[in-house]
Amino acid sequence: MYRFLLTRQWVILTLIGLVLIPVMVELGFWQLHRHQHRVAQNQRISDALAAPPVPAEKLTSPGHEVPRTDLYRRVSAKGTFDTKDEVVVRRRTNSDDEVGFHVLTPFVLDDGKVLLVNRGWIPADGPQTAFPKIPAPPKGEVTVTGRLMADETSAASGIKDVRGLPDRQIMLISSGQQADALGKQVLGGYIELTSPESDSPELIGEPDHSGIGAHMAYAVQWWLFAAGVPIGWVVLVRREVRDRAEAAKAPEQEAAPAAA
């Protein structure tokens, strides 16, 4: 009755099912790991934002690469803003997806080292080649607080580090490049300013760390697909057996009236 399972068609169908099951199970675990990574990342960001600020030089130094574990940590520093070496970062958007600039201002610490401060977003109110009008930062010695960020790279951001840009305009924030431009010791990474607060430039909002995506739902979906393969195979086999049994009975039913 089940000899049809040895036919070419059924052997191929069975092999495809045997391949699909582990593939779908693995895809489910891949989505599960993405879910777990997102949950852990959200928790890390939440913990970093909730932690009290620490002096910036405790977490970074000249030439230092900010590790993932220190991202979004709140840091503080005392010094003065150096507006003469201020630059703007091109093609940055605000919360309303309007295109403009981020304002990157060197902040000179008491020991002479420089901390790069992203003071926030301003609109592009003129030609892209022109240096925009930038609201002045507080004068004199001040204390700033912000979220510690790693240097931006083309690989991580997807933005090309274009050369030959208009004067005092950059595409990526790199403490190494700014150290070369300033001729000073620049702390690795930069901070997104949170205090003192300002309406202009528009401060950059906290990173979204609430959503977890649909990865868990996708994982369950893949596992259900994997479970459905053998069930579907059994259904097809039973249907084939039934069809073959009915086909075998048909000649006998036709032969019975003839014999009568």
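The values are calculated or read from the model by the stated rules, or taken from the named source; none is laboratory data. Bear in mind that the values here come from a model prediction, so they are computed numbers and not experimental data. Note that we place each Cβ from the backbone using ideal geometry, even for glycine, and neighbour counts take in every protein chain shown. What goes into the accessible areas is simple: the full protein's heavy atoms, side chains included, and nothing from ligands, DNA or RNA. Shrake-Rupley method; radii C 1.70, N 1.55, O 1.52, S 1.80 Å.
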Calculated FRET value between residue 236 and residue 153, using beta carbons and R₀ = 45 Å, to 0.05: 0.30
Surface accessible to a 1.4 Å probe, residue 224 within the full protein complex, Å²: 120 Å²
Accessible area (Å², 1.4 Å probe, nearest 10) - residue 215: 30 Å²
Size-normalised alpha-carbon gyration radius of the range 1-117, reference 2.2 N^0.38 Å: 2.02
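Among 228-234, 146-152, how do they line up by average Cβ neighbours within 10 Å per residue, starting with the highest? Mind showing how you got there, number by number?
Numbers: 228-234: 13.1, 146-152: 21.3.
Ranking the peptides 228-234, 146-152 by packing returns 146-152, 228-234.
On average, how much accessible surface per residue is there in the chain, in Å², for a 1.4 Å probe, leaving out ligands, DNA and RNA? Walk me through the numbers before you get to the answer.
Working: 15430 Å² over 260 residues.
For the chain, the per-residue accessible area is 59 Å².
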All-pairs Cα distance distribution in the chain, expressed in whole percent, bin size 5 Å: 1, 5, 10, 12, 12, 10, 7, 5, 5, 4, 4, 4, 4, 4, 3, 3, 2, 2, 1, 1, 1, 0, 0, 0
For residue 173, residues with placed amide H under 5 Å, excluding near neighbours: 152
Relative pair counts by distance (%), Cα atoms of the range 163-250, 10 Å bins: 11, 17, 18, 11, 11, 10, 9, 8, 5, 0
P(r) tail fraction, the range 2-63 - alpha-carbon pairs more than 16 Å apart, %: 71 percent
Residue 195 accessible area, assembled protein chains, probe 1.4 Å, Å²: 50 Å²
Accessible area of the chain belonging to carbon and sulfur atoms, whole % at 1.4 Å probe: 57 percent
Amide H within-cut-off set for residue 195, under 5 Å, with H built and near neighbours excluded: 145
Semi-axis lengths, Å, the range 121-213, gyration tensor of Cα atoms, sqrt of 5 times eigenvalues: 21, 20, 17
Stretchable slack from residue 78 to residue 6, in nm (0.36 nm times residue separation minus alpha-carbon distance): 18.0 nm
Largest-first ordering by accessible area, 1.4 Å probe, given options 4, 29: 29, 4
Per-residue HN-Hα couplings for the range 128-141 [Karplus 6.51, -1.76, 1.60; θ = phi - 60°; Hz; x = Gly/Pro]: 4, 7, 8, 6, x, 6, 10, x, 6, x, x, 8, x, 6
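At 1.4 Å probe size, put 86, 98 in order of accessible surface, largest to smallest.
Details: 86 10, 98 95 Å².
Largest accessible area first, the list is 98, 86.
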Entries of 78/139; 78/113; 58/78; 139/184; 58/84; 58/113 with Cα pairs more than 18 Å apart: 139/184; 58/84
Most mobile listed residue (226, 248, 40) in the chain, GNM with C-alpha springs under 10 Å: 248
Antiparallel DSSP beta bridges within the chain, percent to nearest 5: 80 percent
Choice from 245, 48, 219 with maximal GNM fluctuation in the chain (Cα, 10 Å cutoff): 245
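Using a 1.4 angstrom probe on the protein heavy atoms only, line up 223, 121, 30 by accessible area, largest first.
Details: 223 75, 121 20, 30 130 Å².
Listed by decreasing accessible area, they come as 30, 223, 121.
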For the range 40-179, the spread of Cα positions along each principal axis, largest first, Å: 41, 38, 29
